[in-house]
Amino acid sequence: MSEQKPPAAGTPKKGVLFTIFLTVFIDLIGFSIIFPLFPAMLEYYRAKEETGGLFHALIGFLSSFSGTEEPIYLIVLFGGVLGSLYSTLQFLCAPLWGSLSDRIGRRPVLLVTITGIAVSYLLWFVSGSFALLVGARLLGGIASGNIAVATAAVADATTPQNRAKGMAIVGIAFGLGFTLGPAIGGALSLVDLTTLAPGLEPWGVNPFSAAAGGALLLSIVNLFWVARRFPETLTSEKRGTSRKYRTANLTKLFGRQEFAGVHRANIVYFIFFLAFSGMEFTLVFLAFERFAYEPVDNAWMFVFVGLLMALVQGGVVRRVVTRVGEKNLVLAGLALLLPGFVVTGLASTPGMLYGGLAFLAAGGAMATPCLSALVSLYTPANRQGEVLGVFRSLGALARAIGPVLACVLYWQFGSESPYLAGAVVLLIPLGVAFGLPQPREGSAVSSSPDSAA
């Protein structure tokens, strides 16, 4: 397909923002649609595959690692491995896609990665074997690193004054995708294509193919929409040639950056998301253990959190950020997370649980888009994809590590421990965030090295 030119100055950018919203939304659906399916998938592959296959080898390893054969712990580990695998690959690939988009433009990279995501859903649709399912998740994790490119396109299409509002669009897509993904997965799990069309089973169609098919259709819609409606947002004169960041070297990710404020914001985001992702992953197990929540109850819980995040980002962040400032909203969001973690961890009634979730949703909705906006404002136009790729990569790394750490605490010290520990850990990014510099209007704060400790 021929490259589309960037819109002329003054051209409305709503079409660009909607396309980015759709892309991120479908990425998050792909990540979270599998959550409510984990227990049933575990039983399906355990019954289907012979001893000695990949699935049973993994289960044997997890049993020895956890020291238990209790189904609930194996389910947690099974989900954690697949979720961590997806996020680890996203972590490795986000800066690579972002840097590539800085050199050749956002549009071609989005087209390639969205195609990759669609193919991953197709593989899941026919994953009659556990090995093929793992392959599908591998490809999906690699391609979903395009969130860095989507974030950079928002930076291209917004002014510094409107940057936080544009990032809030990304945040809303995160919240809705993470909300509707499990809901879609739970609803489509009721549709067993092997019962409706038994002749498809030899082709690898399985009881969970309907969920994969739903995600595949959404990806195809997204691909055609980007191909037809998304203009290139990065002009040729703004394209850089940097190959500096490679995530295999963690010292580059966590080391000082050349633009003031970026290093400190990266630290805040990584530690905050480490705690937050651990909470997200263990939440359904806490609800099951304490309140005997069924999948439909968990779906409503995700809907509550996601819709509240979308309301806060769309109704609060977008309206007050120009008056209050991104840094102050980050501080407010992190402060709200503290009681959220404590109340959720100690919840003895469903009402108390939802009260804690309200704090968590509101705090996350403030902190995440404003941190993205700050990093973008600290960074010059020709380095947006690269630097925001590192930022998103750190988030993916946190999502890969956080659930594992939270599960270890859960097994060893009880269901409240990941939440109380998370509240203590959050004091670190809250303290570091006080030192975030105020961005200068229209450019990075400074070209000198970041002064964060």
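Structure notes:
- Looking across LEU180, LEU133, LEU122, one residue alone is in a helix (DSSP H, G or I), more than 26 Å from SER376 (Cα to Cα) and at pLDDT 90 or above. It is LEU122.
- Some residue of the stretch 220-238 being within 22 Å of the chain's Cα centre (by Cα), modelled with pLDDT of 85 or more, crowded, with 20+ Cβ neighbours inside 10 Å and not β-branched (Val, Ile, Thr): yes
For (1) farther than 21 Å from VAL221 by Cβ; (2) surrounded by fewer than 23 Cβ atoms within 10 Å (Cβ to Cβ); (3) not hydrophobic (A, V, I, L, M, F, W, C), each residue gets a yes or a no:
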| site | (1), (2), (3) |
| --- | --- |
| GLN90 | yes, no, yes |
| PRO108 | no, yes, yes |
| GLY116 | no, yes, yes |
| LEU122 | no, yes, no |
| VAL126 | no, yes, no |
| SER144 | no, no, yes |
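- Contact annotation: residue pairs with Cβ atoms under 7 Å, 6 or more positions apart or on different chains, pairing a residue in the stretch 101-116 that is without any contact (Cβ under 8 Å) to a residue 60 or more places away in the chain with a partner that is β-branched (Val, Ile, Thr) and surrounded by fewer than 23 Cβ atoms within 10 Å (Cβ to Cβ), are GLY116/ILE142.
- Residue count for the stretch 298-352, restricted to those that are touching a helix residue (DSSP H, G or I) at 6+ places or on another chain (Cβ under 6 Å) and either hydroxyl-bearing (Ser, Thr, Tyr) or in a helix (DSSP H, G or I) (or both): 33
- Test result for ALA365, assigned to a helix (DSSP H, G or I), of a type in the set (Gly, Ala, Ser), closer than 22 Å to ALA335 by Cα and at pLDDT 80 or above: yes
- Counting only residues that are at pLDDT 80 or above and either β-branched (Val, Ile, Thr) or part of a loop (DSSP other than H, G, I, E, B) (or both), the stretch 282-292 holds 2 of them.
- Among the residues of the stretch 162-174, some residue qualifies, meaning at least one is under 30 Å from THR368 (Cα atoms), without any contact (Cβ under 8 Å) to a residue 24 or more places away in the chain and part of a helix (DSSP H, G or I).
- Single residue of LEU388, LEU377, LEU338, LEU329 found to be touching a residue at least 40 places away in the same chain (Cβ under 8 Å) and within 22 Å of TYR419 (Cα to Cα): LEU338
- Matching entry among GLY333, GLY345, GLY355 (being buried (at least 20 other Cβ atoms within 10 Å of the Cβ) and out of contact with any Cys (no Cβ under 8 Å at 6 or more places or on another chain)): GLY345
The values are calculated or read from the model by the stated rules, or taken from the named source; none is laboratory data. What you are looking at is a predicted structure, and each value in this text was computed from that prediction instead of being measured. Methodologically, a virtual Cβ is constructed for each residue, glycine included, from the backbone with ideal geometry; neighbour enumeration extends over all protein chains shown.
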